[in-house]
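The values are calculated or read from the model by the stated rules, or taken from the named source; none is laboratory data. Here the structure is a predicted model, which means the values were calculated and not measured. Cβ placement follows ideal geometry from the backbone for every residue including glycine, while neighbour counts extend to all protein chains displayed.
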């Protein structure tokens, strides 16, 4: 049984066959997914199917009805982006945006992610001679890890206390990222810096 | 060929327009600003401020998909330098996502007024459109057909 038939079967346990089919078909149109592609693109069509089903079952009912599909279709991706120059940074920002779309993050969360990537990436380019930014999507949470082998960030405690007036912007960027993140971890010494940030709903 | 041209960006000055509209300068920041572009932008804006001595400088960000701490710094520097030359600045066009991100990061634009639209910023600097009264326009048309004397327009 393919994905289309599986979803149809599940929905028909809750709503009539005609409505179930109509919900799915309209959702596919809205999501821009062909019925034959549903196996590969279920994660993309699912929010729209849920929306359509909610008309009949309410938001909670729709979520419950499609429960089995939601937990398995979250697209988990890990991307590794070397960032050494400004064009690299532009690419990393664009890639981050795409990742957020694929993970169905809201526009506000997506903006947070791209801003974090921009701040950390810029610091890497300006002060560490480049590094790598890893983006990972886990169940709607985006994990951004920025690693470099630069000289490290001095005065970290002062930066976070807000007492380090950085003319160069390094401190401002890190402070901003820390405030944007739901989780923030940093390790920095003369051998390099690793910053791990979580952003999500 | 500059590094930017090699990368396909074309001449920077072609992409950072500074427009003089009546007595107000309008700068639209579009897309993402690389460091070299930020320098050129600053230079162009401040040269224009010096040349025209405008009543105000409007920096519109509705075309910027991302505003990070670096761009904030660039803008703050431009605004402060313009102020030293006697021109106040206003920021416009920040969308909800960017506004929230800036607020969360704790960024504030001190000494710079912020409006929702570029038009509102222009109004701040005293540039207001004079609406054409429909009645007057109709009368002007009728009179034009029937007489040779030009109708005198009275501005409210």
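Screening A:107, A:98, A:85 for residues that are away from every other protein chain (no Cβ under 11 Å) and surrounded by fewer than 17 Cβ atoms within 10 Å (Cβ to Cβ) leaves exactly one candidate, A:98.
Applying the criterion of being in a loop (DSSP other than H, G, I, E, B) and more than 14 Å from chain A (Cβ to nearest Cβ) to the residues of the range B:66-88, the residue that is nearest to residue A:117 (Cα to Cα) is B:88. Taking (1) more than 26 Å from residue B:96 (Cα to Cα); (2) in contact with a helix residue (DSSP H, G or I) (Cβ under 9 Å, 6 or more places away or on another chain) in turn, residue A:174 satisfies each apart from (1). Among the residues of the range B:89-113, those that are buried (at least 17 other Cβ atoms within 10 Å of the Cβ) and more than 14 Å from chain A (Cβ to nearest Cβ) comprise B:89, B:90, B:91, B:92, B:93, B:112, B:113.
Scanning the range B:15-64 for residues that are surrounded by fewer than 20 Cβ atoms within 10 Å (Cβ to Cβ), in contact with a helix residue (DSSP H, G or I) (Cβ under 6 Å, 6 or more places away or on another chain) and in a strand (DSSP E or B) returns B:18, B:20. Exactly one residue among A:182, A:167, A:178 is within 14 Å of chain B (Cβ to nearest Cβ) and modelled with pLDDT under 90, and that residue is A:167.
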